[in-house]
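Take a look at the structure below.
The values are calculated or read from the model by the stated rules, or taken from the named source; none is laboratory data. All values reported here derive from a predicted model rather than from experimental measurement. We place every Cβ from the backbone using ideal geometry, glycine too, and count neighbours over all the protein chains shown. Note: accessible area is taken over every heavy atom of the protein model, side chains too, but ligands, DNA and RNA are not part of it. Shrake-Rupley method; radii C 1.70, N 1.55, O 1.52, S 1.80 Å.
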Amino acid sequence: MSFTTVARRAVAVTAGALALTLGLALPALAHVTIQPGSVEKGSFSKVAFRVPNERDDASTTKLEIEFPTDHPLPFVSVRPVPGWKADVTQSKLPKPVPSKYGDITEAVTKITWTGGKIEPGQFQEFEVSLGGLPTDTDQLLFPTAQTYSSGEVVKWADEPKADGSEAEHPVPTLKLVDPAPGATDEHGGMAAPGASAAASASSSADPAVTMQAHAASGTEDAASDGTARLLAGIGIVVGVVGAAIGVAGFRRGRSTSQG
């Protein structure tokens, strides 16, 4: 088998594997998701609803996101998105829901964005500030309807499957995790211990100690940089040696075939 034939087969196999990988990855990337996917329970957090356009012949022109009523959020605000108008729907709940801020009788139940466009091959993020996140559940679901300029409406409302596999149109889900020990939300009057310690150290540390710390940091950075350069040099040498071996083998093979 000639070197050219082997090279062509290798290229074909690589291209096929790449196409298969992209084919499996693209559907997952096309879902409407929440970024980040998890926040701390009881916190005040900013999240973004990431909306990709899945169609090649139509633009996304409307987005409707429903908010949970079983775990209503007492504080919700919207960050303006250029070209889009946000309509926030506040509704009276079927029954009051207790929280550390008192009984919640009304809450945001839907936000609708209109007026803008998400063109094919593009995505848009819609940011929302959520306050007073619940502490008695591990997740919040936000059923979403995505409307296209063609009139098509895609509903992202399928709940997670029991077997862990992904639904066809998964509902945007925000995971709620337990806060770090000793940490509270930004309205609790206490920061995380690490942050407090760092702030205290930077404000009250002796100047000489601070200078020593910076010097040590600089030394560590220099050492890391030197190590990175050494590894890069080794990689180049290995690459050159490998290429030389390949060329020698190729020449040897041609000599043998010609003989």
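Scoring GLN146 on the criteria (1) within 19 Å of LEU176 (Cα to Cα); (2) open to solvent by less than 40 Å² (accessible area, probe 1.4 Å) leaves a single failure, condition (1).
With respect to the conditions (1) modelled with pLDDT of 95 or more; (2) on the phi < 0 side of the Ramachandran plot, GLY115 lacks only one, and its number is (2). Just to be sure, is VAL81 in contact with a Phe, Trp or Tyr (Cβ under 8 Å, 6 or more places away or on another chain) and either at pLDDT below 95 or within 22 Å of SER45 (Cα to Cα) (or both)? Answer is yes for this residue. For the stretch 65-121, residues that are open to solvent by 60 Å² or more (accessible area, probe 1.4 Å), over 27 Å from HIS31 (Cα atoms) and part of a strand (DSSP E or B) total 6.
For the stretch 128-142, give me each residue that is open to solvent by 40 Å² or more (accessible area, probe 1.4 Å) and under 24 Å from ASN53 (Cα atoms). SER129, LEU141, listed by residue number.
Can you tell me how many residues in the stretch 149-172 are closer than 25 Å to VAL108 by Cα and surrounded by fewer than 17 Cβ atoms within 10 Å (Cβ to Cβ)? I'd like the intermediate steps shown before the answer.
Of all residues in the stretch 149-172, those closer than 25 Å to VAL108 by Cα come to 153-160, 169-172.
Restricting the remaining residues to those that are surrounded by fewer than 17 Cβ atoms within 10 Å (Cβ to Cβ) gives 153-155, 157-160, 169.
Counting residues in the stretch 149-172 that are closer than 25 Å to VAL108 by Cα and surrounded by fewer than 17 Cβ atoms within 10 Å (Cβ to Cβ) gives 8.
Within the stretch 122-152, the set of residues being part of a loop (DSSP other than H, G, I, E, B) and either touching a His at 6+ places or on another chain (Cβ under 9 Å) or without any contact (Cβ under 8 Å) to a residue 40 or more places away in the chain (or both) comprises GLY132, LEU133, PRO134, ASP136, THR137, ASP138, GLY151. The residues in the stretch 153-170 that are over 16 Å from THR112 (Cβ atoms) and either touching a residue at least 40 places away in the same chain (Cβ under 8 Å) or of a type outside the set (Lys, Arg) (or both) can be counted, and the count is 12.
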